[in-house]
Amino acid sequence: MHRLLFIFIAITWWHLSIAQPLYMPRDIKQAYKKGTRSFDGNPGKNYWQNRARYDITITAMPPDRNIKGTETITYFNNSPDTLLNPVIKLFLNIHKPGAPRNYGATEDYLTTGVQIDDLTVDGDKFNSPNNPGIFTWFGLHLSNPLLPHDSIRLTFDWHYTISEQSNREGMIDSTTYFLAYFYPRVAVYDDYNGWDRINFMDNHEFYSDFNDYTVTLNVPKNYVVWGTGTLQHPEKLLQPEILQRYNQSLTSDATVNIVTQENINAKNVTTQNDVNSWQFVANNIPDMAFGISDHFVWDGCSAVVDDATGRRAGAFAAYNDTAKDYHFVARYARHSLDWFSHKWPGVPYPYEKMTVFQGYAGMEYPMMANDETYSDTIRSRAVAEHEIAHTYMPFYMGINETRYGFMDEGWATTLELLIGREDVGVEKAEQIYKGFRIARWTHDPSSDQDIPIITPGDALTGGGFASNEYGKAALGHFAMMDLLGDELFKKCLQAYMDRWHGKHPIPWDFFYTFNNVSGQDLNWLWSNWFFNPNYIDLAVEKVDKTSSGYNLTIQNIGGMAAPVNVQISYDDGSADTLHQTPAIWKSDQKKTVVNITTKKQVRSIRLDGGIFMDADESNNGWNSQ
Ligand SMILES: [Zn+2]
């Protein structure tokens, strides 16, 4: 199957200036023909995307595991197409016995799934799709088609039992719940794939439109709700001293203990109604997620994320007081908001806050992260940074994570090293990175590790899938950064983010934007890293004496256009390192000659890739004797 992926197809309507076109699947070509995408990397003149308004009310009364919801969805069809069968996603049906999933399920993971109690379309009652054969999506057959530029109104009443086993969602403990993917939603209908009918099977993540949300959560007294969006009327929900500390955190660089263990013990955290209604509002955002607990402490602080306006964003942590590392997590989150806003990607953090909630997932949601507790705070910080980095991709950028997960995981994994180098120093950060992100790919000779990164993620499941999405894609970015230099790379990245935030970019939009903004044809490197079955294995073929020094011939056995450091030791005991960018592979990706200009006698040469780990280091050296 993947053999097809590296056959380059000459396309008659291709820009003449681009020498070597990137492989493009037939469905993607259609989008360029229709003008919804553009070869200069901008959204096309006919670009469109659909959106919706969600009004949701949820009732959660722990330790009762039954979660009840009602919602109204107003869905706007901005496409030029008449829609007959809107697709509705019910992600939590992955908990149903018999649901297709990447992993097995234990008893405490299984539930009866999402039970739809009532469903109306434009006021007309529809049969509830509680068929045991329906899993994470179903098609709604409309009697009146949804015309272009028209809207439709859907209402759902539903309930589900929260899963005892918690990962991206579920029960953290008997009175702490993490609610995510909990509401019926309209799937993405887009310009290159139509309706998103991919089953959610756990491994592959999500794809969401930008919608406006009002979510109200009814919970018992002394339960705090943390989540996506602006909390409405906190003064009606929190006890005065807690409200005062919450407000203080919004302008404080230092961490404020908003809810302490003493407050929890005194059972006087919230307004003492039997049931409190917590309402959150967020507009133009891809999803909403919430954590609720009656015994999590709450820390907060904030950072200026936009120097031009002085805008601050809140950094919060909600956790069990016994989790030692979590006492630092609000500070780590604040550092992330500050660093990502000012350094890489250097785009102001786009939301008003971020809450890191203690769970089991290592998972991102807009304005929320659900992270484990670790004994090693370097790990706690790195995981928080990774999940917070996801704010940009997939959320700000509207990535189709299911199909092109490398477009968000690859970026989070790139940002993870960039911030890590400043946190713990270059050497330590790269050592951790190599062990955690790269080594598995480097040392696994399985065929699926060589499958090109551009392969749709939903077509892959094994170790090669993880390498494509995380380490390989990140190294592809680092190779391009090495070629262009930090400044030009950042200019291209920021242009891509400026052009596509709030939209649905696909890989070609990213590659073409870099070509366009750099003014260079970079297709040879994109093609090498993202479209070909390459891996990293460089070898010293020979070293020849010349009149000005030496010629080092390097053979590229694995094919990847990786940068490399040529480490030279001289007979006089001195040493040099000559850094080679991927440019050495531009004209010939099999072999290159590096000129070493020196009057000294070279004793030995070694090729060191650094984070570009070499699969076979036995052929990386040369000695004069
Ligand atoms: Zn990630």
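Nothing in this text is a laboratory measurement; each read-out follows from the coordinates by a stated rule. Computed from a prediction, not measured in an experiment: that's the story for all the values here. So basically every Cβ, Gly included, is an ideal-geometry build from the backbone, and we count neighbours across all protein chains shown.
Taking a ≥ b ≥ c as the square roots of the Cα gyration tensor eigenvalues, with a/c under 1.5 meaning rounded and otherwise prolate when a/b beats b/c, else oblate, which class fits region 323-444? If you can, show how the numbers build up before the last one.
Working: a/c = 1.32, a/b = 1.05, b/c = 1.26.
Verdict is rounded for region 323-444.
How high is the relative contact order of region 547-625, in percent, counting Cα pairs under 8 Å that sit 6 or more residues apart?
Numbers: 133 pairs, mean separation 30.0, N = 79.
Rounded, it is 38 percent for region 547-625.
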### Message
Among Pro220, Leu231, Tyr189, whose Cα projects farthest towards the positive end of the dipole of region 176-256, with charges put on the beta-carbon of Lys, Arg (+1) and Asp, Glu (-1)?
### Response
Pro220
### Task
Provide Rg over Rh for the chain; use the alpha carbon set for both Rg and the Kirkwood Rh (inverse mean inverse pair distance).
1.00
### Query
Per the Debye formula with a single identical scatterer at each Cα and no solvent contribution, what log10 I(q)/I(0) holds for region 141-189 at q = 0.16, 0.20, 0.29 Å⁻¹?
-0.65, -0.79, -1.20
### Summary
Any aspartates and glutamates whose Cα falls less than 19 Å from that of Lys236, other than same-chain ones fewer than 8 residues away, would be Asp274, Asp294
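What shape does region 61-109 have by the C-alpha gyration tensor, where a ≥ b ≥ c are the square roots of the eigenvalues, rounded means a/c under 1.5, and otherwise prolate means a/b greater than b/c and oblate the rest? Working shown, then result.
Values: a/c = 4.58, a/b = 1.62, b/c = 2.83.
Taking the square roots of the gyration eigenvalues as a ≥ b ≥ c, region 61-109 is oblate.
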### Query
So, in Å, what gap is there between the alpha-carbon centers of region 493-537 and region 135-179?
34
### Summary
So, relative contact order of the chain in percent, Cα under 8 Å, 6 or more apart, is 11
### Message
Which one, Ile596, Gly476, Gln625, projects farthest toward the positive side of the charge dipole computed for the chain from Cβ point charges (K/R +1, D/E -1)?
### Response
Ile596
### Spatially proximal lysines relative to Lys434 (Cα-Cα < 19 Å; intrachain offsets below 8 disregarded)
Lys472
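Using the 10 angstrom Cβ neighbour count as an exposure proxy, how do Ser380, Ser574 rank, fewest first?
On the way: Ser380 22, Ser574 11.
Ascending number of Cβ neighbours within 10 Å: Ser574, Ser380.
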### Query
In what order do Val564, Val219 fall by count of nearby beta-carbon atoms within 10 Å, going from fewest to most?
Val219, Val564
### Task
Give me the lysines in straight-line cross-link reach of Lys599: C-alpha distance below 23 Å, same-chain residues under 8 apart excluded.
Lys542, Lys545
